[in-house]
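> Okay, handing you the structure first.
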Amino acid sequence: MNGFAQKTDEIRKIGRTKYFVYQVQKGSTLYAISKVYSVSIEEIILANPGVENGLNIGDEILIPLKEVDKKEAKENPPSIMDGQLIHTVVKGETLYGISVKYKVSVEELTKNNPQLAAGLQPGMQLVINQQTISDLQISHIEPALPSNYIIHEVKTKETLYGISKMYNVSIDELVQINPELSNGLKEGMVLNIPKTESESNEFNQDSLVTILVKPVKKNIYKVALFLPFYLNEADSAILKSQINYTSPSFNSYSLASVEFYNGFLLALDSLKKQGLNIELYVYDVNDNLINTRSVLLKPELKEMDLFIGPFHFSSFQLISDFAKKQQIKIVSPINHPNKILLNNKFVFESEASDYTQVQETVLFLKDMPEEANTLMLSNFDYKNKPLCDEFEKQARRVGLSYQTVSVEFSEKDFNLIVPKNLEVKLDSNKVNRIVVISSDEGYISRLFDRMNSIDTSLIDIEVYGLNSWLKINQINTRYKVKYKVTLPVSHFINYKDRVLNDFIDDYLKLNNTIPSANGFAFLGFDIAYYHLNELLHHGTNFEQYFSLNIENEELQSIFRYDQVQDSSGYENRGLFFVRYEGFELIRIGDNKTSTAEKYIIKVEEFPVDSMPLPNYIEQR
């Protein structure tokens, strides 16, 4: 092997501290450098702020001499050769010992070093595949890049050979810069591509043109709405109440479905006045799969232009499979796992996934005008690590500078001291934006308890979480205000909005009650108005207009669909960012027309059990 790089002898003194100086080579990673110099990744990051966001070939990295683990440094540290981490075998070493040292399996070592078939011998140079070390963060094993590179997301049926020809780079160079390719090319991978001189001159993002075909419009559209009314249970509840002379008690799904349906009808009425002709078919579909399969036998379903619902995931899977076979678009009105989108380009997921929330949070932070100290905090367990990796990828894409903070709590750890890993990274001269990657109620509650001793009059802190935090009851409201907790949410109801108040007036006139705080009436209106309006203006092939990246805001939702992959469905990436201020949840950047709060709707004040089911719903 050539391209040998090991510890430099150059020592530089800055202030009172002495440093080794390492010049970043092609393929260098933070992990590899840490092993070569026997120093922790955390110490490298502390001495070189910003390197956690990516290494560039030719950069100088400072290694503090005083932090070198002298014992580890005497135990045969590795080298970096041709962009790979190389361990040179010395007498007395065993394959198991080497595997433990680098936290890779013996099988993985054997796989990447075929010369081991003849046995382990002193002087052998073994390749250490950093991609297989599971407890490392993705930023720690991302190889150094040329300062001039571009991003390519792998599409369906693309090959490594085709990508290499597209960008005029060799396959070997692609694999060196993107070591994850050693496990094969996969759809959705994000590759770093060195930009050639011709690409730098010729590639122009503005030259990309979206080609739209003629809309396929109809005089009458047929729409099927699947909602869990639980009509049989509702009939029983009404009969029981009549016998006992009490108010009927309905299933919560029934109540949500009624409100959704009433909101849906208001949107439909509005669109009919604009010229939309709809034949609406309504079906009572819940989690009873026998009932769902019987509904799917109805012959008229094959003639539909659009399905909306159902709510339950199991039934949605059945109906979405049917929709795929019949090539009918289907909208998921509530959040389902993103796997419903895979290999089904007819599915439209109306709520943003956790991955999208993380991506949009990075973009939100990048667009902030003032300089900040951004921290990404998590326990990096198996549930959260994929989201942490997504944060790091997106931050690299957009150039957001950040530091990672690993905070874990043991079952017996109940002290109220600020975690040391967090405390040392807070900056009193900047706003500290802490992005917490977790949805675990216990973890988040304990984190806030431990942060409580931070004096926010001296250290400015904003905490960013996920949409799921809205359902966490353990977080003290005082903490939400103190740390300016900010969340990306799919729905936000602003009772000061004039348009929303007009909707409530219309709802009250038609139903003799106002919508409850659960928001299903507003959701029904938004889902209907957006998707049926698309049919009205853009026809049954309306999805082609999503490429224009147009954002539409309705009563409580923003719609901005994006196709996940070429062969898969569409996800709504529209999000509001909301923050707790003065014990209120406020939308950041809200410029809607405001009015006095005419309706203040609280869940506990709304008599949901007394709301009657309308007599005009029937199972069809």
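> Which residue out of PRO143, PRO114, PRO122 is closer than 30 Å to TYR402 by Cα and either touching a Gly at 6+ places or on another chain (Cβ under 9 Å) or not aromatic (Phe, Trp, Tyr) (or both)?
Values: PRO114 fails: closer than 30 Å to TYR402 by Cα; PRO122 fails: closer than 30 Å to TYR402 by Cα.
Testing whether each residue is closer than 30 Å to TYR402 by Cα and either touching a Gly at 6+ places or on another chain (Cβ under 9 Å) or not aromatic (Phe, Trp, Tyr) (or both) leaves just PRO143.
> While we're here: So in the stretch 547-562, with the set limited to residues that are out of contact with any Lys or Arg (no Cβ under 8 Å at 6 or more places or on another chain) and open to solvent by less than 50 Å² (accessible area, probe 1.4 Å), which one is farthest from GLU349 (Cα to Cα)?
Step one: filter the stretch 547-562 for residues out of contact with any Lys or Arg (no Cβ under 8 Å at 6 or more places or on another chain), giving 547-548, 553-559.
If we keep only those that are open to solvent by less than 50 Å² (accessible area, probe 1.4 Å) too, we end up with 554-559.
On the way: GLU554: 16, LEU555: 18, GLN556: 16, SER557: 13, ILE558: 13, PHE559: 10 Å.
The qualifying residue farthest from GLU349 (Cα to Cα) is LEU555.
> Just to be sure before I move on: is HIS537 over 24 Å from the mean Cα position of the chain (by Cα) and either of a type in the set (A, V, I, L, M) or not in a loop (DSSP other than H, G, I, E, B) (or both) in the structure I sent?
On the way: over 24 Å from the mean Cα position of the chain (by Cα): yes; either of a type in the set (A, V, I, L, M) or not in a loop (DSSP other than H, G, I, E, B) (or both): yes.
For HIS537, the condition - over 24 Å from the mean Cα position of the chain (by Cα) and either of a type in the set (A, V, I, L, M) or not in a loop (DSSP other than H, G, I, E, B) (or both) - is met.
> State yes or no: is GLU279 in contact with a strand residue (DSSP E or B) (Cβ under 8 Å, 6 or more places away or on another chain), part of a helix (DSSP H, G or I) and surrounded by fewer than 21 Cβ atoms within 10 Å (Cβ to Cβ)?
Values: in contact with a strand residue (DSSP E or B) (Cβ under 8 Å, 6 or more places away or on another chain): yes; part of a helix (DSSP H, G or I): no; surrounded by fewer than 21 Cβ atoms within 10 Å (Cβ to Cβ): yes.
It is false that GLU279 is in contact with a strand residue (DSSP E or B) (Cβ under 8 Å, 6 or more places away or on another chain), part of a helix (DSSP H, G or I) and surrounded by fewer than 21 Cβ atoms within 10 Å (Cβ to Cβ).
> For the stretch 415-460, give me each residue that is closer than 17 Å to GLN403 by Cα, within 26 Å of the chain's Cα centre (by Cα) and of a type in the set (A, V, I, L, M, F, W, C).
LEU422, LEU426, VAL431, ILE434, VAL435, VAL436, ILE437, listed by residue number.
> Just to be sure I understand, how many residues within the stretch 257-299 are among the small types (Gly, Ala, Ser) and without any contact (Cβ under 8 Å) to a residue 12 or more places away in the chain?
Start the filter on the stretch 257-299 by keeping residues that are among the small types (Gly, Ala, Ser), which leaves 257, 263, 267, 270, 275, 294.
Subsequent filtering for residues that are without any contact (Cβ under 8 Å) to a residue 12 or more places away in the chain retains 294.
Number of matching residues: 1.
> Name the pairs whose Cβ atoms lie under 9 Å apart, with the first residue in the stretch 439-460 and closer than 23 Å to PRO386 by Cβ, the second of a type in the set (Ser, Thr, Tyr) and surrounded by fewer than 18 Cβ atoms within 10 Å (Cβ to Cβ), and 6 or more positions between them or separate chains?
Pairs that qualify, where the first residue is closer than 23 Å to PRO386 by Cβ and the partner is of a type in the set (Ser, Thr, Tyr) and surrounded by fewer than 18 Cβ atoms within 10 Å (Cβ to Cβ), are SER439/SER468.
> How many residues, within the stretch 282-315, are part of a helix (DSSP H, G or I) and touching a His at 6+ places or on another chain (Cβ under 6 Å)?
At the first step, the residues of the stretch 282-315 found to be part of a helix (DSSP H, G or I) are 289-295, 299-303, 313-315.
Narrowing further to those that are touching a His at 6+ places or on another chain (Cβ under 6 Å): 313.
Total meeting the criteria: 1.
> Within the stretch 14-38, how many residues turn out to be modelled with pLDDT of 80 or more and either touching a Pro at 6+ places or on another chain (Cβ under 7 Å) or over 26 Å from THR374 (Cβ atoms) (or both)?
13
> While we're on this one: Could you list all residues from the stretch 328-364 that are in contact with a Leu (Cβ under 6 Å, 6 or more places away or on another chain), assigned to a loop (DSSP other than H, G, I, E, B) and among the polar types (S, T, N, Q)?
Selection gives nothing.
Residue-wise test of (1) farther than 23 Å from ASN129 by Cβ; (2) part of a loop (DSSP other than H, G, I, E, B).
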site: LYS35; (1), (2): no, no
site: VAL39; (1), (2): no, yes
site: ILE44; (1), (2): no, no
site: PRO49; (1), (2): yes, yes
site: ILE63; (1), (2): yes, no
site: GLU72; (1), (2): no, no
site: ILE80; (1), (2): no, no
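> Scanning for something part of a strand (DSSP E or B), under 32 Å from the mean Cα position of the chain (by Cα), under 22 Å from ASN192 (Cβ atoms) and free of Cβ contacts under 8 Å to residues at least 60 places away in the same chain, does the stretch 85-96 turn up at least one residue?
Scanning the stretch 85-96, I find at least one residue that is part of a strand (DSSP E or B), under 32 Å from the mean Cα position of the chain (by Cα), under 22 Å from ASN192 (Cβ atoms) and free of Cβ contacts under 8 Å to residues at least 60 places away in the same chain, so the answer is yes.
> Could you tell me which residue of the stretch 110-126 is most open to solvent (accessible area, probe 1.4 Å), considering only residues that are free of Cβ contacts under 8 Å to residues at least 60 places away in the same chain and touching a His at 6+ places or on another chain (Cβ under 9 Å)?
MET124
The values are calculated or read from the model by the stated rules, or taken from the named source; none is laboratory data. These figures come from a predicted structure and were not determined experimentally. Positions of Cβ are backbone-derived with ideal geometry, glycine not excepted, and every protein chain shown enters the neighbour counts. Heavy atoms of the whole protein, side chains included, go into the accessibility calculation; ligands, DNA and RNA do not. Shrake-Rupley method; radii C 1.70, N 1.55, O 1.52, S 1.80 Å.
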